[in-house]
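The values are calculated or read from the model by the stated rules, or taken from the named source; none is laboratory data. As the structure is a computational prediction, the values presented were derived from the model and not from experiment. Backbone-built Cβ (ideal geometry, glycine too); neighbour counts: all protein chains shown. Note: accessible area is taken over every heavy atom of the protein model, side chains too, but ligands, DNA and RNA are not part of it. Shrake-Rupley method; radii C 1.70, N 1.55, O 1.52, S 1.80 Å.
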Amino acid sequence: MKLNLTVQPLTTWLPAKQQPLVISGPCSIETEDQLLATAHLLAKSGRISALRAGVWKPRTRPGEFEGIGSQGLQWLQRAKAETGLPVAVEVAKGEHVEQALAAGVDILWIGARSTANPFTVQEIADALRGSDVPVMVKNPVNPDISLWIGALERINNAGIQKLAAISRGFSSFEKSAFRNEPMWEIGIQLKTLCPELPLLCDPSHICGNRELIPYISQKALDLEMNGLMIEAHMDPGTAWTDAKQQMTPDDLLDMIEHLTIRQETPKDKKVIDRLEELRKKIDKLDDLIIQKLAERMDVVEQIGSYKRDHDITILQLSRWDEIRNKRVHFSKALKLDESFANDFLDLVHAESIRRQTAIMNNTAVKE
Ligand code: PEP
Ligand code: MN
């Protein structure tokens, strides 16, 4: 998969007031007072770099609060003027883009439900043409990196270069502690395909409850994400949307104080040397593991030919059970995680079966 985006560095359009970069504000604008009170509490800390707020809310079921609509944009203008913070809203239609731009909104974002629909994204992209407003694209609801990439490409093709992605977790059938599974590997894959694309994390929509937010925020920073978007409300218990996951500005600021910013590249020569030494050890061990795996596959092929020539089945469950039990036992004795050991052995076994099947199916002459 290829990904060619032309993007400007995040620092050129959203410099962090302090590290880490945090965008915060209520899930939804409810009243002018609620927005202003929340915005002032966040702004006075000097730790928040932009104010987020939902004006149009995509709701899964009808009949719920669907956002205050365009009058919220006027309140947002006031919040911006009084706090000096740049403001961000979610857009889900071309019409939203036009209204937000007319109201001087500084940053737009595309929500997870919209990213999942290429028609919607294209409509937004068409409305953006000619503007250079920054746009952040949340991942789609479902774990499909192509939809996410497609949305980023559509927005970029419309001429938007102040572009960022936001990882907000993915819905999953599996019951878990999270509202949306983080599936960090998808964000990492996106970052690998396009290292210059800023990637932020939205711990609020991953967690679905405020208790888990510190853990996910720290993890996002440790994975070198470029910033956090976290929902805050002056009185979360009474919030009209996402009441369980919003934090008070005080709790949010306290949590940010306790986050550890780890360095990507250490400055101390002694630390660099020690890391280098340990990395060399890892390199050697990895080489050895790969070499041994290749040797194992060689023996597997010899067994494959032997089984073929003597009409013996490939899969012998009792033998596999015995191997697995012994190896898992050994792994546990060496303090390896049991499920890691199981996954690794399954992978090796699957490859062994694949190789033996290939040998079985070729037409070599029997003895
Ligand atoms: C939001 O940020 O308020 C929102 C609706 O998020 P998502 O699109 O990630 O569900
Ligand atoms: Mn929300």
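Summary of values
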{"quantity": "Long-range neighbours under 7 Å by Cβ, at least six apart or interchain, first residue closer than 19 Å to L21 by Cβ within region 256-269, second outside any helix (DSSP H, G or I) and charged (D, E, K, R)", "calculated": "I256/R47; E264/E224"}
{"quantity": "Checking K80 against (1) of a type in the set (K, R); (2) within 16 Å of ligand 2 (Cβ to nearest atom); (3) buried (at least 16 other Cβ atoms within 10 Å of the Cβ), the condition it does not meet", "calculated": "(2)"}
{"quantity": "Matching entry among Q189, Q246 (being under 21 Å from S49 (Cβ atoms) and either within 16 Å of ligand 1 (Cβ to nearest atom) or modelled with pLDDT of 95 or more (or both))", "calculated": "Q246"}
{"quantity": "Leading residue by the ranking (farthest from ligand 2 (Cβ to nearest atom)) among those in region 217-235 that are under 21 Å from H40 (Cβ atoms) and open to solvent by less than 10 Å² (accessible area, probe 1.4 Å)", "calculated": "L228"}
{"quantity": "Filtered residues of region 112-152 (kept if of a type in the set (S, T, N, Q) and within 16 Å of ligand 2 (Cβ to nearest atom))", "calculated": "S114, T115, N139"}
{"quantity": "Identity of the residue in region 1-44, among the small types (G, A, S) and crowded, with 19+ Cβ neighbours inside 10 Å, that ends up nearest to ligand 1 (Cβ to nearest atom)", "calculated": "S28"}
